[in-house]
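A short write-up of the structure that comes next.
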Amino acid sequence: MVRSRDNTGVSDRWRYRRALAVVAAIGLVAAVASLCFFTVDSADYAIVTDFGKPTQVITAPGLRFKHPLQSVRTFDRRLFVYASPPIEFLTIEKTPVVASGTILWRVADPKRYFETVIDRKGAESRLGDILSAEFGAAIGSNRLVAFVSTDAAAYRADAIVAEIVRRCGTVAQRDYGIEVVDVQLRGFDFPKQNRLRLYARMKSERGRISMLYRSEGEEEGLKVRAAAEEQKAGILGKAIELAQQRRGEGDGEAARIYANALSRAPEFYAFLRTMESSRTFARKSTTMVLPADSPLFGVLFDSKYFNGGAPGSDGVRGELPRK
């Protein structure tokens, strides 16, 4: 009975040790597998290093294998935005300005990136230096009006920024394995201590330009008015000439009509002319002293006064009636 219990205890201890060994083996296999296998996400690049030296560059997602003593570094392959701080520069005419920019970038060469900048912080530090140098070169070789101007011919900011993008991209790709997708001029202003003086100078310059435009406008206005006056004089001259011509034609026609009428009834015509003359100067409250044989009174004493064949038509038209 005692021997049976001893055999049962030995068997239980053996099964326990065997289970423990199996669990330990499984754990060891899992640990080794975790050290040898790794996954690469679709949004990452991966580099396998052997004591800090890159041995594999993995750009495609999936399950990968490495030696247990090797390490894996991953880098985000998506776009990043870096905003540089404002920095003061001088234009070609020695005008101080404060400029800042924004860089849109991503990792292009993982191995070069790992060997030079290591991480995002180091990459943005290098990009800030590149952008500062390119901004200084671009602003220092151009006038202020190339960045701030109302004249479309003088404004060249877009072309200058495009050149900065090209130069930054070349340097970043060659030296650090970084692709510069775009660069934007985020801010362009004057230093605070110089703004009032510069604004006053800009105001005086705009005043000078406005005076120039105003004088040119006045000169052009004088030319237009002179041309209009000349055209007006020409039109009026032609109108007066035409009016005189028409008036002469009318007077000639009127004279012809009068002559025709006079030849047909000279007595009636003389009567009408006498009446018209008396209506013209014999107004109300008018006192006139005229001879008795005046044609104006002839018709009052003799109804046949304008009849050429009537008695007394020679000289005095009869005697005035006595009271």
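Just to be sure I understand, how many residues within the range 253-284 are modelled with pLDDT of 70 or more and assigned to a loop (DSSP other than H, G, I, E, B)?
1
Can you run down the residue pairs with Cβ atoms below 7 Å, 6 or more apart or on separate chains, where the first is in the range 64-86 and closer than 23 Å to Ala99 by Cβ and the partner is open to solvent by 80 Å² or more (accessible area, probe 1.4 Å) and not in a strand (DSSP E or B)?
Close Cβ pairs (under 7 Å, with a partner that is open to solvent by 80 Å² or more (accessible area, probe 1.4 Å) and not in a strand (DSSP E or B)) amount to Phe80/Arg120.
Tell me the residue from Thr170, Thr150, Thr102 that is assigned to a helix (DSSP H, G or I) and either modelled with pLDDT under 95 or of a type outside the set (D, E, K, R) (or both), please.
Residue meeting the stated conditions: Thr170.
Considering only the range 147-160, I want to know if a residue exists there that is without any contact (Cβ under 8 Å) to a residue 24 or more places away in the chain and within 30 Å of Asp50 (Cβ to Cβ).
Within the range 147-160 (the criterion being without any contact (Cβ under 8 Å) to a residue 24 or more places away in the chain and within 30 Å of Asp50 (Cβ to Cβ)), the answer is no, since none of the residues qualifies.
Of the residues Glu220, Glu134, only one is open to solvent by less than 40 Å² (accessible area, probe 1.4 Å), without any contact (Cβ under 8 Å) to a residue 60 or more places away in the chain and either more than 18 Å from Leu90 (Cβ to Cβ) or not β-branched (Val, Ile, Thr) (or both); which? Please lay out each step first, then the result.
Values: Glu220 fails: open to solvent by less than 40 Å² (accessible area, probe 1.4 Å).
The match here is Glu134.
A quick yes/no check of all residues on (1) closer than 17 Å to Asp109 by Cβ; (2) modelled with pLDDT under 80:
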{"position": "Ala31", "(1), (2)": "no, yes"}
{"position": "Leu35", "(1), (2)": "no, yes"}
{"position": "Thr39", "(1), (2)": "no, no"}
{"position": "Ile47", "(1), (2)": "yes, no"}
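Which one is nearest to Gly52 (Cα to Cα) among residues in the range 70-88 that are surrounded by fewer than 18 Cβ atoms within 10 Å (Cβ to Cβ) and among the hydrophobic types (A, V, I, L, M, F, W, C)?
Val72
For the range 106-131, name all the residues that are exposed (fewer than 14 other Cβ atoms within 10 Å of the Cβ), under 43 Å from the mean Cα position of the chain (by Cα) and either within 14 Å of Thr74 (Cβ to Cβ) or not acidic (Asp, Glu) (or both). Give the steps one after another, and end with the answer.
Just the residues of the range 106-131 that are exposed (fewer than 14 other Cβ atoms within 10 Å of the Cβ), to begin with: 111, 118-119, 121-122, 125, 129.
Going one step further and asking which of them are under 43 Å from the mean Cα position of the chain (by Cα), we end up with 119, 121-122, 125, 129.
If the condition is that a residue be exposed (fewer than 14 other Cβ atoms within 10 Å of the Cβ), under 43 Å from the mean Cα position of the chain (by Cα) and either within 14 Å of Thr74 (Cβ to Cβ) or not acidic (Asp, Glu) (or both), then Asp119, Lys121, Gly122, Ser125 are the ones that fit.
In this structure, does Gly250 turn out to be more than 30 Å from Ile103 (Cβ to Cβ), at pLDDT below 90 and within 33 Å of the chain's Cα centre (by Cα)?
no
Determine the pairs where a residue that is under 30 Å from Arg112 (Cα atoms), located within the range 178-199, has a partner that is at pLDDT 90 or above and exposed (fewer than 13 other Cβ atoms within 10 Å of the Cβ) with Cβ atoms under 7 Å apart, the partner being 6 or more residues away or on another chain.
Val181/Leu79
The values are calculated or read from the model by the stated rules, or taken from the named source; none is laboratory data. Note that the structure is predicted; figures quoted are calculated from it, not measured. Positions of Cβ are generated from backbone atoms using ideal geometry, with glycine treated the same way; all protein chains shown enter the neighbour counts. Just the protein is used for accessible areas: all its heavy atoms, side chains included, with ligands, DNA and RNA removed. Shrake-Rupley method; radii C 1.70, N 1.55, O 1.52, S 1.80 Å.
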